[in-house]
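Worksheet: the structure to be examined is printed underneath.
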Amino acid sequence: MRLLRYMVRIWESFSEKQTVRERLPVILPVVLSQNAEIWEGPGELADLLDVPEAAGRELRPYIPNFSFQDLQLAGMAFETIPGTAAGVLVLRAMKAERLGRLLDEAVWDEELILRVPREIFHLVLRYILATDIDKEAFETTLGRISDPETRSDAMTLAQRYHQEGRQEGRQEGRQEDVLEALLIRFGALPEGLREAVLTVTDEDKLRELHRTAIRCENLESFTRAL
């Protein structure tokens with residue numbers, strides 16, 4: 001049903017941009033399934049509908065229907081995934097994530113990586129780093145890359161990603177300190193105040209807000225400090 005909503009949104013967006021009425025564009029619906037195992041699903045929209053068997057023949061002409069192509073990564077071997085070098089690397093990483101195999105040679109195929117635009121390689125690397133992978137195993141995998149530029153580039157990005165994660169963690173900790181101080185002093189917080197505090201990322205500002213939360217006379221004066 002989500003696929004149908006996407007298609008309708010495309011048609012609605014198309015219609016809103018037209019000054020004169022035109023026919024809607026044809027959409028070829030393709031679903032990419034990032035599943036760990038092959039599953040049997042319907043191939044047509046009508047198969048999802050609960051059509052009474054007795055009235056099926058009479059209702060069919062009034063039921064919108066379309067077929068869609070379901071591409072299941074679980075049904076493809078890593079080596080047979082088709083596409084450009086960038087597309088293959090992305091799809092291999094997506095398949096490996098569901099199988100817990102993000103450090104496998106299929107993903108770290110150096111010949112493939114060298115043919116991928118650098119920004120796509122960075123995107124896949126960030127995707128891998130965002131998962132719960134073993135840090136030592138990850139560093140060992142990087143060490144096996146023979147191309148010095150690619151290895152150095154990957155290590156630099158990994159270090160920067162971890163640094164960003166630590167910084168984000170500090171910011172979240174300071175934000176929670178501010179909110180906890182307010183909760184202890186004033187109880188339940190007004191709607192929107194928590195969200196407003198969470199939008200503050202500057203550490204100096206968060207330190208100032210923490211002091212304000214401890215010392216302010218009321219929530220109104222704290223809100224003015226935001």
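Rule-based calculations on the coordinates, nothing more; no lab input. All of these numbers come straight from a predicted model, not from anything done at the bench. A quick note on method: Cβ atoms are made from the backbone with ideal geometry, for glycine too, and the neighbour counts reach across all protein chains shown.
Details
- Straight-line cross-link partners of Lys135 among the lysines, defined as a Cα under 23 Å from its Cα and at least 8 positions apart when in the same chain: Lys95.
- Cα gyration tensor category, rounded, prolate or oblate, for region 43-82 with a/c compared to 1.5: prolate
- Relative compactness, region 1-75, computed as alpha-carbon Rg over 2.2 N^0.38 Å: 1.39
- Using a Gaussian network model of the chain in which every pair of alpha carbons under 10 angstrom is joined by a spring, one finds that among Asp70, Asp202, Asp134 the greatest mean-square fluctuation is at Asp202.
- Helix 203-215 axis versus longest C-alpha principal axis of the chain: approximately 60°, rounded to the nearest ten.
- Taking one quarter of the surface of the convex hull spanned by the alpha-carbon atoms of region 163-225 gives a direction-averaged projected area of 3.9 nm².
- For Rg/Rh (Cα atoms, Kirkwood Rh), computed directly from the structure shown, the correct entry in (1) 0.96; (2) 1.13; (3) 1.07 is (2).
- Comparing Leu99, Leu45, Leu71 in a Gaussian network model of the chain where C-alpha atoms under 10 Å apart are linked, the largest mean-square fluctuation is found at Leu45.
- Compared with the direct C-alpha span, the chain from Thr84 to Leu226 gains 46.2 nm at full extension, assuming 0.36 nm per residue.
- The label point for Ile38 and the one for Asn218, both projected 7 Å from the Cα toward the Cβ, are 6.9 nm apart.
- Stretchable slack from Asn65 to Asp104, in nm (0.36 nm times residue separation minus alpha-carbon distance): 9.9 nm
- Low-density loop positions, GluC sites (Glu not before Pro), region 17-75 - DSSP coil, at most 15 other Cβ in 10 Å: Glu22, Glu37, Glu40
- Residue of Val26, Val200, Val178 that the Gaussian network model of the chain assigns the largest fluctuation, springs spanning Cα pairs under 10 Å: Val26
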